[in-house]
Amino acid sequence: MSIQVRYSIIIPMFNEEAVIQETYRRIKKVMGLTGEPYELIFVNDGSTDSCAQMIEEYSYWDESVKLIDLSRNFGHQIAITAGMDYALGDAVVIIDADLQDPPELIPQMIAEWKRGYHVVYAKRIKRNGESLFKKWTASLFYRVLRYSTDISIPVDTGDFRLMDRRVCEELKRLPEKNRFVRGLVSWVGFRQKALEYEREERLAGETKYPLGRMLKLSVDGITSFSYKPLKLAGVLGALLSASGFLYLLYVLYLALFTDAAVKGWASMIGITLTFNGFVLLMLGILGEYVGRIYDESKGRPLYIVQEFHSGRPQQSAPEQRVSRLNP
Ligand code: UDP
Ligand code: MG
């Protein structure tokens, strides 16, 4: 029998030894003030530094601390998912390990939850200490996402949020591999509420989301919730063939009524390059979708846990998530 847990805090970490002690201290302080039982679920996403050992040690004397040690780096979104699979609380909070999301906001989230909201997400009204490039690309991404998807995913909102147990259970039923968790949370619906906050500077260490990973997350976000990029091919194709037809009329006119027909080298090259570029772009977009279908069809588990540490020895680890395609 498991002990009743009211709140589960999920903290994904990837090489966060420089901050994790302070993170633990601050979250602990905030959660202590709630006066209700809670668990801190640290998910070690294949770190190569000592952050996992530190948390493992904490788990020996602090029974609220649990450590899910993944067998390698599976990525932030999968780490969060692993945390949700293990969470026992009536409300589940996801928070970054680098203290960019202030734990002091959690009591406000809890208050809104108690007022009846199922999801309370934190919306960034300001981002401190991040490069202009990061702010600009992030802002662009949220706007493209808003334009291209049919469900409304709130802009400027990361994964820092509180979810009711019911929302968490619904999310656990979604088996997709290339996960964009905040989109999935919007997809499941329920009563949602935004809390505004200023995003802090990273306490220490480097971002674990370099440009390549940000791009992957953006493409996951867009392709998981929209076919619009595929439709782009149809629209552009129609426009291009209409203009091609008009140009053909002009070429016919030149060939039939003038002697200027061989002069067209530059326009030939121009059209060839444009069209080839366009075809390759569309092939690339198709490839993104086909690749994702391939990922789903393999039916691999989302992640592998190599060890689970819990301050409560009587609690056994839940069944590991297996593919929904081969139950
Ligand atoms: N993270 C993770 N696995 C990864 C990359 C990041 O678990 O592969 C964690 C990281 O430790 C942090 C959170 O995800 O707790 C957000 O990452 P980060 O702060 O580097 O992203 P940023 O805030 O710069 O977008
Ligand atoms: Mg960060």
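Per residue, how much space in cubic angstrom lies within the convex hull of the C-alpha atoms of region 96-244?
Once divided by residue count, the hull of region 96-244 is 135 Å³.
Which residue, Ile55, Ile41, Ile151, tops the fluctuation ranking in a GNM of the chain built on C-alpha contacts under 10 Å?
Ile151
Beta carbons within 10 angstrom, averaged per residue: use that to sort the peptides 228-239, 135-146, 178-189, 76-87, highest first.
The densest-packed peptide leads the list: 76-87, 178-189, 135-146, 228-239.
For region 224-240, just list the computed ³J(HN,Hα) in residue order, Karplus coefficients 6.51, -1.76 and 1.60, θ = phi - 60°, integers in Hz, with x standing in for Gly and Pro.
Karplus values, whole Hz, x for Gly and Pro: 5, 10, 7, 9, 4, x, 5, 5, 3, 4, x, 5, 5, x, 5, 4, 5.
Work out, in µm²/s and without decimals, the Stokes-Einstein translational diffusion coefficient of region 1-158 at 4 °C, 1.567 mPa s, Rh from Kirkwood over C-alpha pairs.
Answer, rounded: 77 µm²/s.
Please order Val155, Val93 by the number of other Cβ within 10 Å, starting at the fewest.
Val155, Val93
Based on the Kirkwood radius over alpha-carbon pairs, what is the Stokes-Einstein translational diffusion coefficient of region 222-302 at 37 °C with 0.692 mPa s viscosity, in µm²/s?
210
In what sequence do Thr223, Thr48 fall when counting other Cβ within 10 Å, fewest first?
Thr48, Thr223
What is the set of long-range amide H partners of Val65 at a cut-off below 5 Å, with H atoms built 1.01 Å from backbone N?
Leu40, Gly311
Around Ser47, which amide H atoms from residues at least 5 apart in sequence, or from another chain, sit under 5 Å from its own amide H, with H modelled in the peptide plane?
Residues meeting the criterion, in which the H sits 1.01 Å from N, are Asn15.
Going by how many other beta carbons lie within 10 Å of each one, how would you line up Trp113, Trp61, fewest first?
The fewest-first ordering by Cβ neighbours comes to Trp61, Trp113.
Give me the tail of P(r) for the chain as a percent: Cα-Cα pairs with distance above 28 Å.
Above the 28 Å cut-off, the chain has 48 percent of its Cα pairs.
Considering only C-alpha atoms, what is the centroid distance from region 248-304 to region 1-46, in Å?
So the separation of the two Cα centres works out to 51 Å.
What is the local net charge at Ala138, summed over the other residues whose Cβ is closer than 11 Å to its Cβ (Lys, Arg +1; Asp, Glu -1)?
Residues close to Ala138 contribute a combined charge of +4.
For region 89-182, evaluate the Debye formula with one uniform point scatterer on each Cα (no solvent term) and list log10 I(q)/I(0) at q = 0.11 Å⁻¹, rounded to two decimals.
Log10 of I(q)/I(0), two decimals: -0.37.
Rg and Dmax in Å for region 185-272, alpha carbons only: what are they?
Answer for region 185-272, Rg first and Dmax second: 25.2, 74 Å.
Nearest 20 debye, what's the magnitude of the dipole of the chain about its Cα centre given +1 on Lys and Arg Cβ and -1 on Asp and Glu Cβ?
1060
Pick out, from Pro229, Ala52, Leu239, the residue whose Cα sits farthest towards the positive end of the charge dipole of the chain, with +1 on the Cβ of Lys and Arg and -1 on the Cβ of Asp and Glu.
It is Leu239.
Considering only DSSP states other than H, G, I, E and B, which trypsin sites (Lys or Arg not before Pro) in region 1-92 qualify as loop sites with at most 14 other Cβ atoms within 10 Å?
Arg72
Can you find, among Tyr38, Gly75, Gly116, the residue farthest towards the positive end of the dipole of region 13-126? Put +1 on the C-beta of Lys and Arg, -1 on that of Asp and Glu.
Positive-most Cα among the choices belongs to Gly116.
Run lengths n ≥ 4 of DSSP H only: what is the helix-derived mean residue ellipticity at 222 nm for the chain, with -39500 (n - 2.57) per run over all residues, to the nearest 500?
Helix contribution divided over all residues of the chain: -16000 deg cm²/dmol.
State, as an integer percentage, the relative contact order of the chain based on alpha-carbon contacts under 8 Å between residues 6 or more apart.
Worked out over the chain, it gives 23 percent.
Taking 8 Å as the Cα distance limit and 6 or more residues as the minimum spacing, I'd like the relative contact order of region 35-183 as a percentage.
Relative contact order comes out at 25 percent.
Values quoted throughout were computed directly from the atomic coordinates according to the rules given, and no laboratory measurement underlies them. These numbers come from a predicted model, not from an experiment. Heads up, the Cβs are rebuilt from the backbone with ideal geometry, glycines too, and the neighbour counts pull from every protein chain shown.
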